[in-house]
Every structure is written in C-alpha cells, then in structure tokens.
Amino acid sequence: MRLHLHAWGDPASPTLVCLHGITAHGRRFRRVAERLADRYHVVAPDLRGHGRSVAEPPWSLEQHLEDVLETVPADARLWVGHSFGGRLVLELAHTRPDRVERGVLLDPALWVPPAVALQRAEKTRHDRSWASVAEAVEQRLAEGTVRGAPRDLVEEDFEEHLERGEDGRLRLRYTRSAVIAAYGEMARTPPQQPLAAPLLVVRALDSEVCPEPLLEAYRAGAGELLEAATVPGGHIVMWDALDETVAAIASFLA
C-alpha cells in the first residue's frame, strides 16, 4: 500500500527517508528537509493511520515497514526516524539490513514499559479538539512538552495537521485506534542482536521517551555500530533543537 508522501530536493540525489512518530505527519520534517535538500532527495511518508494516508488496520511494526518500503524509492538506504519512526528504523536495520546503509534515530521510542504504554493508550482514547488553530497551539505550549521551539514553527505544523470535523471542531489528522495500537507495538521488546548497519541515536536532553538507562541497556547489545549524541530541549528535537539536530544528521550521514 502506497502512503501519502512529502518530498523535497532533487530526485536524482541520494534518497533520505524520514519517518515521523505517532500523532504526527511527514511534513513535520519540512525544516529539516529544506536544510538537507541540497544534497539529498528527502521523502517523508504519512504513516498508516496518520496524515493523508489510509487509516485502515493492521497497524503493526511489520505492516508500517511494508507500507514504507512499498512507498519510498527502491534505492533508499539512508533513514531518519523520530520517536515511533525511530523504532521503525531500528526494526528495519535488524530485519532488512540490505535496505539500511545508515540511520539516525531522533529521540526514539526504543521500548515503552507496558504499564506506561497502557496508560498512554488509554489517554489517547479521549477526544481532543479545538475551536481554532490558535487555541490548539496555546494548549500545546501550555503543556510544557515544547522546550524552546519558536511559536511560528508549532503554528505551521498545526495548520498542516489539523482538520475540521462535522461538529466544526479541529482535531489532529490521525486515527486514534492506530495510535493506541502503536503503543502496544512499542511495548514489544526491541531486537537484541548486534547491528549490521551504523545507527546514531540523537537523544533529547529532557527526554522522557529515551532515558539514558534504556539507551545504555540497548547499546550494550547493539555493538559498536550504535553511536549516541544529545541535543537540548524536549522530545520533538526537530522543534526544540533544529540546528543541532540537522547538524547531527548531516555529519553522521556524510
């Protein structure tokens, strides 16, 4: 199944695939992609159940990867994944090493403890809606999960990602059932064998998704092909630490 695809740069350049996290969308990588478009053809699909892609199940790790591989150019070997997208790149590196030359995991959801996954999945069941984009942005900023990103970046993202329902209210463009299923997938134990391709984990300094003990536990089994770096801010590193995140991606992929 082909996903809705966002793209930047010259199609003749090497392809860089960017995978977003749950509740997000491919265009969230726009500012990252525009800074890398002089050297890469950057493509970012909306995952199944998100953005403008099909919503129907299944929503397993395996199905998400099958969708992505059917959508992106066949010669794509460079990958960036944020949060759940980082877990997808990790799975791909272990299950299809022939498709991964290098990958960058941005504050990845390597593993979510089952109790935490259940709590967050249950919270996702509740409806969230807003009367305007400004109201949605204000609530997001008030929650404290954005640590230093400029307001206009959050506004731009929400203008793309909000859609108006039949009741006139705005909601983020994702299927709640797909997000709930993703929490179950993130509670699965990550692959334990050593990596066959180099990966870089870019961890947020204030990360709750990728705590240092979890990262170190995974690194112990992944081997010397796994590198790590830390950038300022919170989970959405493309918002809070755009410059540092782009620099880390560009240096590692060069």
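Conditions tested, residue by residue: (1) of a type in the set (Asp, Glu); (2) under 18 Å from the mean Cα position of the chain (by Cα); (3) buried (at least 22 other Cβ atoms within 10 Å of the Cβ).
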site: LEU199; (1), (2), (3): no, yes, yes
site: SER207; (1), (2), (3): no, yes, no
site: GLU212; (1), (2), (3): yes, no, no
site: ALA220; (1), (2), (3): no, no, no
site: LEU225; (1), (2), (3): no, no, no
site: VAL237; (1), (2), (3): no, yes, yes
site: GLU244; (1), (2), (3): yes, yes, no
site: ALA247; (1), (2), (3): no, yes, no
site: ALA254; (1), (2), (3): no, no, no
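Only one of GLU122, GLU135 is modelled with pLDDT of 95 or more and more than 22 Å from VAL209 (Cα to Cα). Can you tell me which?
Matching residue, one of GLU122, GLU135: GLU135.
Just one of the listed residues (THR189, THR124) is within 20 Å of GLY81 (Cα to Cα) and out of contact with any Gly (no Cβ under 7 Å at 6 or more places or on another chain), and it is THR189. Is there a residue being basic (Lys, Arg), touching an Asp or Glu at 6+ places or on another chain (Cβ under 8 Å) and over 22 Å from GLN119 (Cα atoms) anywhere in the stretch 215-224? Looking through the stretch 215-224, none of the residues is basic (Lys, Arg), touching an Asp or Glu at 6+ places or on another chain (Cβ under 8 Å) and over 22 Å from GLN119 (Cα atoms). Take the conditions (1) crowded, with 21+ Cβ neighbours inside 10 Å; (2) in a helix (DSSP H, G or I); GLY103 misses just one of them, which is (2).
In the stretch 136-149, what residues are touching a residue at least 12 places away in the same chain (Cβ under 8 Å) and not β-branched (Val, Ile, Thr)? Correct list: ALA136, ARG140, LEU141, ARG147, GLY148, ALA149.
With respect to ARG35, is the statement that it is of a type outside the set (Asp, Glu) and farther than 20 Å from TYR183 by Cβ true? Taking the combined requirement at face value, the residue satisfies it. With charged (D, E, K, R), touching a residue at least 12 places away in the same chain (Cβ under 8 Å) and closer than 25 Å to ASP240 by Cβ as the only criterion, which of GLU34, GLU101, GLU91 stands out? Just a single option satisfies the conditions, and that option is GLU34. Of the residues screened, GLY233 is one that is small (Gly, Ala, Ser) and in contact (Cβ under 8 Å) with a residue 60 or more places away in the chain.
I need the full set of residues from the stretch 1-35 which are of a type in the set (Val, Ile, Thr) and either under 9 Å from the mean Cα position of the chain (by Cα) or buried (at least 24 other Cβ atoms within 10 Å of the Cβ) (or both), in order please.
VAL17, ILE22, VAL32 - these are the residues of the stretch 1-35 that are of a type in the set (Val, Ile, Thr) and either under 9 Å from the mean Cα position of the chain (by Cα) or buried (at least 24 other Cβ atoms within 10 Å of the Cβ) (or both).
Of the numbered criteria (1) at pLDDT below 95; (2) part of a helix (DSSP H, G or I), the one ASP243 fails is (1). Among (1) touching a His at 6+ places or on another chain (Cβ under 7 Å); (2) under 20 Å from LEU5 (Cα atoms), where does ARG99 come up short? Tallying (1) touching a His at 6+ places or on another chain (Cβ under 7 Å); (2) under 20 Å from LEU5 (Cα atoms), ARG99 fails exactly one: (1).
Just the residues that are of a type in the set (Gly, Ala, Ser) and closer than 25 Å to HIS235 by Cα, please, taken from the stretch 58-92.
Once the filter is applied, which keeps residues that are of a type in the set (Gly, Ala, Ser) and closer than 25 Å to HIS235 by Cα, the stretch 58-92 yields SER60, GLY81, SER83, GLY85, GLY86.
For the stretch 161-172, a residue qualifies if it is under 12 Å from ALA136 (Cβ atoms) and touching a residue at least 12 places away in the same chain (Cβ under 8 Å), and the qualifying residues are HIS161, LEU162, ARG169, LEU170, ARG171, LEU172.
Once the stretch 120-138 is narrowed to residues that are within 14 Å of LEU162 (Cα to Cα) and polar (S, T, N, Q), the residue that is surrounded by the most Cβ atoms within 10 Å (Cβ to Cβ) is SER129.
The values are calculated or read from the model by the stated rules, or taken from the named source; none is laboratory data. Just so you know, these numbers come straight off a predicted model, no measurement behind them. All Cβ positions, even for glycine, are placed from backbone atoms using ideal geometry, and neighbour counts span all protein chains on display.
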